[in-house]
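Before any comments, here is the structure.
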Amino acid sequence: MAASKQPAAPTASWPGVCARRLARHSLDTPAPAARMAEVVAAMGGAHAQVMSAAELSVGLRTAGTTRADVRRALWEDRTLVKTFGPRGTVHLLPAAELPLWTGALAAVPAAGGGLPRAARLDAAQTEAVVEAVADALRVAEPPTVDELSEAVIERLGDWAADPVVPGFTGMWPRWRQALHTAGHRGALCFGPGRGRKVTYTSPDRWLPGFTPMDPDKALAEVARRYLRSYGPANAQHFAQWLSAPRRWAADLFGSLGDGLRPVAGPSGDGSTVYELADEGPHEPASAPGGLRLLPYFDAYTVGSHPRELVYPGVAAERALSNGQAGTVQVLTVDGVVAGVWHQKRSGRKVALTVEAFGTLTPAQLAQVEEQAARVGEILEAVPALTLGPVDTGKHL
């Protein structure tokens, strides 16, 4: 569904869009702690490549929770699961929604690029890796990635061991490029850490006997959820959020038919964006309000468009990396990026430096202090706040 240059009615006002998104993300008023899994569902998952960032994302949206509560929900109650989510990156997802996410993500075509052709897995090899991973994880003790690698290579042979995948510490074996695919297929999720090492286990331990949802139904539901939390938006925005081909995303939006309602985009460029037709008026009852300190790769900033409105002016230069959101921790005012911040932990203390791009009002300065206190509470640390320049690099 290509963006139209013909004005659509009604027009989505930017303050109204921000207010609705903040409400859907529980960033206007935090939700009760008991609704943690619902909040994570509304986000489309909490990015957890940096676990402390995921804990902050969830904690800022739920009243009174700390990192211990997030970890309890993940490792003890198992209402959350850590696995490979949108974009093939590590996320926390509601455990009860594993059928939805595995049904949808396994059906998303690759956006292109990646490894040289000679290093890639073909379809048959990918299937073999997924089956080997699933078989290797039918053990009582969740293995580390090195232990899992040994088990997979033992099952598949030398071709799986070829060191052709660039990693953080050298070249990884060929099979590792299908690690996130195994997660998307429901063969793998993360297990409890073993010291500083991550482990992997079977998702059946979180949701015994689960079966991935029908792909078409799952993809349609994920698209609707994206629009409910990040809309109004277009297929290109959805494709970027999911790391999917644009044409494929346009076809998916087109398949939703009358389930979508076109509106004129808030950027005023004449483009058309879409919201769910079964929703009420797109304008919330109140204007957006509030200041937040959002962590790396927070769902709100990663999924929200248009970028020029979410990251206006200097915010685009300071808080985006070639258009990619999330590589910098940001201060938002009324749903718009208005500064950056940094944290450095030392024992029981966490030093927070916050830099606003403009002058904050006394009320907003008070909110910065409140947010710093809340960050400390979530991280179970004593915060020390400094207002001043942030000159640290981006998290890539």
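Residues in region 355-383 that are touching a helix residue (DSSP H, G or I) at 6+ places or on another chain (Cβ under 9 Å) and closer than 23 Å to V70 by Cβ: R374, V375, E377, I378, L379, E380, A381, V382, P383.
Quick grid of which residues meet (1) within 29 Å of R20 (Cβ to Cβ); (2) within 25 Å of the chain's Cα centre (by Cα):
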position: V350; (1), (2): no, yes
position: L360; (1), (2): yes, no
position: A366; (1), (2): yes, no
position: R374; (1), (2): yes, yes
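Summed over region 375-394, residues that are surrounded by 12 or more Cβ atoms within 10 Å (Cβ to Cβ), touching a strand residue (DSSP E or B) at 6+ places or on another chain (Cβ under 8 Å) and of a type outside the set (V, I, T) total 8. Selection of first residues in region 114-137 that are modelled with pLDDT of 95 or more and of second residues that are of a type in the set (S, T, N, Q), restricted to Cβ pairs under 7 Å at least 6 apart or on distinct chains, gives the following pairs, ordered by first then second residue: T126/T181; V130/T181; L137/T201; L137/S202. Only one entry of L207, L156, L179 meets the criterion of being out of contact with any strand residue (DSSP E or B) (no Cβ under 7 Å at 6 or more places or on another chain) and more than 28 Å from R72 (Cα to Cα), and that entry is L156.
Among the residues examined, A315 qualifies as assigned to a helix (DSSP H, G or I), touching a residue at least 40 places away in the same chain (Cβ under 8 Å) and of a type outside the set (V, I, T). Taking region 36-49 as the range and being at pLDDT 95 or above and either hydrophobic (A, V, I, L, M, F, W, C) or under 12 Å from the mean Cα position of the chain (by Cα) (or both) as the test, the residues that pass are M36, A37, V39, V40, A41, A42, M43, G44, G45, A46, H47, A48. I'd like the full set of residues that are in a helix (DSSP H, G or I), closer than 21 Å to V302 by Cβ and in contact (Cβ under 8 Å) with a residue 40 or more places away in the chain, limited to region 241-284. Within region 241-284, W241, L242, W248, A250, F253 meet the criteria.
Scanning region 156-194 for residues that are buried (at least 21 other Cβ atoms within 10 Å of the Cβ), in a helix (DSSP H, G or I) and in contact with a Lys or Arg (Cβ under 8 Å, 6 or more places away or on another chain) returns a single hit, A160.
Out of A351, A366, one residue alone is of a type in the set (G, A, S), at pLDDT 95 or above and part of a helix (DSSP H, G or I). It is A366. Looking at region 1-105, the helices (runs of 4 or more DSSP H) lying wholly inside it that each contain 1 or more residues that are closer than 19 Å to T201 by Cα sit at 51-59, 67-71, 98-105.
The values are calculated or read from the model by the stated rules, or taken from the named source; none is laboratory data. All of these numbers come straight from a predicted model, not from anything done at the bench. So basically every Cβ, Gly included, is an ideal-geometry build from the backbone, and we count neighbours across all protein chains shown.
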